[in-house]
Amino acid sequence: MSILTVGTKAPDFTLNVTPDQKLSLSEFAGRRLILAFYPADWSPVCGDQMSLYNHILPEFRRHQAELVGVSVDGAWCHQAFARDRNLHFALLADFEPKGAVSKSYGAYRNTEGVAERALFVIDENGTIVWSYLSPIAVNPGADGILDALEALPDLEKKDGSSQVTRDVA
Amino acid sequence: MGRLKSPVTSRDHIQGSDNAIVTLVEYGDYQCPYCGAAQPIVKQIQARFAGKLRLVFRHFPLVEVHPLAQPSAETAEFAGSQGRFWPMHDAIYANQHQLSITRLVTLAANLHLSPIALRDALALGTYAGKVQADFIGGVRSGVNGTPTFFINGVRHDSPLGVMDLAAAIDQTILTDA
């Protein structure tokens, strides 16, 4: 299985973001989105990938992009993990049917039953403009994402008002 | 990805000769236990490679999980402004298990630095910009946790982390020689 490449329309999805709330890709229409698939919550290191991105959120937002993480962990697990790490962005539960969204992006490992460490930058039109598959044991960092965002033209604001960021975490 | 993009400059904290054939850049967080555990290994590496290696330390505080990482980094910079970066760096790691603002002020006093000046610098965020600049440079270079090491500009990616850092440096010396 190989991950979806640049120019592909990002497959839509609707996943639980909290035990009683769902989030769809279509809600990000007109905005830029970083979709970060990762194997599992609770990596036993300080700077695990999601904690790292949590600290880089201001940089992502400065580049006019939102971030969501996706793993096969359930919504309750995500909630506990997000609380423990003080995360300020949404984690989506690709839990039922397990891994379906990860599979649709080509980012699922059948042998382990978890998502790959795969990164996608999706533009305001819902098209994948950058993707990267990291070896499962290597936290890819954020330099590739920021380079990709920097290569995009500035987003024009349609009505001059500042964009409303939904607090979904 | 994973290449050092911020070159080593005179603004950096450097131990070792500018002519060293290996530059080891560490991005670290004073409250991170893995960084604390890496500290004696880094010292061993410095002793072993001696004149062949220079060490650069840059800040990468993970403030959402380590509330004292930022004031600790600013305290090290405060000491650095008076030529005492490395003694403070070592003192903070040696006191990692009992870090607090009070402890940082005590460490300053122990190094004959003004506790009042340190409190002012922390309150005003005098060195916050320097710490932030390190952090952003690290992000752009692909720092992916703490500690992250770069050997001659290449990120050290290994499941063993710091444990096989010396072997990786040996390899770099062989390859680059």
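Can you check what the Kirkwood hydrodynamic radius comes to for the stretch B:1-95, Cα pairs only, in Å to one decimal?
The Cα-based Kirkwood calculation yields 14.0 Å.
If every alpha-carbon in the stretch A:14-150 counts as one equal scatterer, what log10 I(q)/I(0) does Debye give at q = 0.09, 0.11, 0.19 1/Å?
Results for the stretch A:14-150 at q = 0.09, 0.11, 0.19 Å⁻¹ read -0.23, -0.34, -1.15.
Once every DSSP H run of n ≥ 4 in the protein assembly as shown is given -39500 (n - 2.57) and the sum is divided by its residues, what mean residue ellipticity at 222 nm do you get, rounded to the nearest 500 deg cm²/dmol? Please report the intermediate quantities before stating the final value.
Details: 11 runs with 123 residues, N = 346.
For the protein assembly as shown, the value works out to -11000 deg cm²/dmol.
Each residue of the stretch B:73-88 in turn: what ³J(HN,Hα) in whole Hz from Karplus with 6.51, -1.76, 1.60 and θ = phi - 60°, glycine and Pro shown as x?
My calculation for the stretch B:73-88 gives 5, 5, 5, 4, 5, 4, 5, x, 5, 10, x, 10, 4, 5, x, 5 Hz in order.
Taking a probe of 1.4 angstrom, what is the accessible area of B:R48 in Å², to the nearest 10?
B:R48 has an accessible surface of roughly 140 Å² with all protein chains in place.
Using 7 Å Cα-to-Cβ label points, what is the B:I21/B:L160 separation (nm, one decimal)?
Going by the 7 Å Cα→Cβ label model, 2.1 nm.
Compute the accessible area of each residue in the stretch A:28-64 twice, once for its chain alone and once with every protein chain present, using a 1.4 Å probe on heavy atoms, and list those whose area falls by at least 50 Å².
A:C46, A:L52, A:H55
Amide H neighbours of A:L92 under 5 Å, counting only residues 5+ apart in sequence or on other chains, H built in-plane at 1.01 Å?
For A:L92, whose amide H was placed from the backbone, the distant partners under 5 Å are A:G69, A:V70, A:S71.
Please pull out the direction-averaged projected area of the protein assembly as shown, using the convex hull of its alpha-carbon atoms, in nm² to one decimal place. Kindly include the intermediate steps, with their values, before the conclusion.
Working: hull surface 76.6 nm².
If you wrap the Cα atoms of the protein assembly as shown in a convex hull and average its projections, you get 19.2 nm².
Under 10 Å, Cα contacts only: if you run a Gaussian network model on chain B, which one of B:A79, B:A123, B:A94 comes out with the highest mean-square fluctuation?
B:A123
Let's test the formula: R0 of 35 Å, r as the Cβ-Cβ distance of B:D170 and A:S2. What FRET efficiency results, to the nearest 0.05? Intermediate results must be reported in sequence, preceding the final value.
Numbers: r = 35 Å, r/R0 = 1.01.
With a Förster radius of 35 Å, E is 0.50.
What percentages, rounded to whole numbers, describe P(r) for chain B computed over all alpha carbon pairs with 5 Å bin width beginning at zero?
It works out to 1, 8, 18, 22, 21, 15, 8, 4, 1, 0, in whole percents.
Counting only other chains, what is the mean number of Cβ atoms within 10 angstrom of the Cβ of each residue in peptide B:57-64?
Values: counts 0, 0, 0, 3, 1, 9, 3, 8.
Whole-number average of other-chain Cβ neighbours for B:57-64 is 3.
Taking the Cα centroid of the stretch B:108-124 and of the stretch B:126-176, what is the distance between the two, rounded to the nearest whole Å?
About 29 Å separates the Cα centre of the stretch B:108-124 from the one of the stretch B:126-176.
Would you mind checking the pairs A:K22/A:K103; A:K22/B:K130; A:K22/B:K5 and listing those with alpha carbons more than 29 angstrom apart? Could the numbers behind the result be given before it?
Details: A:K22/A:K103 19 Å; A:K22/B:K130 40 Å; A:K22/B:K5 39 Å.
Over 29 Å Cα-Cα: A:K22/B:K130; A:K22/B:K5.
With every protein chain left in place, what is the accessible area per residue of the stretch B:104-177 in square angstrom, probe 1.4 Å? Please list the in-between numbers first.
Numbers: 3400 Å² over 74 residues.
Normalised by residue count, the accessible surface of the stretch B:104-177 is 46 Å².
Counting only DSSP beta bridges with both residues in the protein assembly as shown, what percent are antiparallel, rounded to the nearest 5?
Details: 30 of 47 bridges.
If we restrict to bridges inside the protein assembly as shown, about 65 percent are antiparallel.
Mind checking how much accessible area B and A bury in total, 1.4 Å probe, in Å² rounded to 100? Walk me through the numbers on the way to the answer.
Working: alone 8730 and 8520 Å², together 15360 Å².
Buried area between the two chains comes out at roughly 1900 Å².
Does any residue of the stretch B:1-35 lose at least 50 Å² of accessible area with all protein chains in place compared with its chain alone, and if so which ones (probe 1.4 Å)?
B:M1, B:Y34
Give, rounded to the nearest 20 debye, the magnitude of the charge dipole that chain A has about its Cα centre when Lys and Arg contribute +1 at Cβ and Asp and Glu contribute -1 at Cβ. Each step should come with its number before you reach the end.
Values: 15 positive and 22 negative charges, 29 e Å.
So the magnitude is around 140 debye.
The values are calculated or read from the model by the stated rules, or taken from the named source; none is laboratory data. Just so it is clear, the structure is predicted and the values come from calculations on it, not from any experiment. Heads up, the Cβs are rebuilt from the backbone with ideal geometry, glycines too, and the neighbour counts pull from every protein chain shown. Calculation scope for accessible area: heavy atoms of the full protein, side chains included, ligands and nucleic acids excluded. Shrake-Rupley method; radii C 1.70, N 1.55, O 1.52, S 1.80 Å.
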